[in-house]
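The values are calculated or read from the model by the stated rules, or taken from the named source; none is laboratory data. These figures come from a predicted structure and were not determined experimentally. Here the Cβ positions follow ideal geometry from the backbone for every residue, glycine too, while neighbour counts run over all protein chains shown.
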Amino acid sequence: MSERSALRTAVPEMIRPQGNLATSPGASSPSAPYSFAENLAPDRDHIDIRGILRERARLLAQEPPPAPTGEVLVVVEFTLGAEHYGVKSRLVREVYPLKDFTPLPGTPPFILGLMNVRGQILSITDLNTLFGLPDSGLRNANQVIILQNPVREFAILVDTIVGMRTIPMAELQQDLPTLTGLAGEFVKGITPDRLAVLHGDKLLTDNRLVVNGDLA
């Protein structure tokens, strides 16, 4: 046998699998050759490729929720006790922490007092008292929203600031026979999820909210 023929015979013997690599140690009899392709291939019985692609196509085909149409109102949402309120964002100058204030004798009960905001003296109106709402005892009022128009500014006491919100005017229920007194005058409407939208322009122009000649 030539040297080249001997090499052709020896090489296959060197790379031929010796028994089943998957058998446990100590197995004496060889079995079928180990198939790397079978052991490395994914278990297609447990991967539904077509199902995944169908679900992805369904999600991509879904239309996004429609944007509000018609007139909308952008408000700053806040809480008073367990109730949620909103006031037109363009009337909000800023949110400011209430660290201390000075009570003012001789003013209506809904005037909490005066506060100093960077050298500017502003009155604080407590809407809970203004609207004649019962005290739930759950309030954590430690901040105010400062409202302003071109001629007047004052602060309203709030518990927490929820954030900005856009409300379609068509969803606002404006006929509110259950609201009486000042609440009926200063609440513009209520949304389906019971957010009471304040009539901020009226609050800023009502002459009953006066502190020593300046409107609260």
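Per-structure values
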| item | result |
| --- | --- |
| Scope segment 154-171; condition closer than 30 Å to Ile121 by Cβ, surrounded by 13 or more Cβ atoms within 10 Å (Cβ to Cβ) and within 15 Å of the chain's Cα centre (by Cα); matching residues | Thr160, Ile161, Val162 |
| Residues located in segment 59-92, provided they are at pLDDT below 75 and assigned to a helix (DSSP H, G or I) | Leu59, Leu60, Ala61 |
| Of residues in segment 114-128 being at pLDDT 90 or above and under 30 Å from the mean Cα position of the chain (by Cα), the one farthest from Leu182 (Cα to Cα) | Val117 |
| Unique residue being modelled with pLDDT under 85 and among the hydrophobic types (A, V, I, L, M, F, W, C) when the list is Leu133, Leu172 | Leu133 |
| Which numbered condition Gly132 misses (of (1) in a strand (DSSP E or B); (2) within 30 Å of Glu171 (Cβ to Cβ); (3) among the small types (Gly, Ala, Ser)) | (1) |
| Qualifying residue in segment 148-159 (condition: in contact with a strand residue (DSSP E or B) (Cβ under 7 Å, 6 or more places away or on another chain) and farther than 17 Å from Val92 by Cα) | no |
| Count of residues meeting criterion [part of a strand (DSSP E or B) and either hydroxyl-bearing (Ser, Thr, Tyr) or surrounded by 14 or more Cβ atoms within 10 Å (Cβ to Cβ) (or both)] in segment 94-121 | 9 |
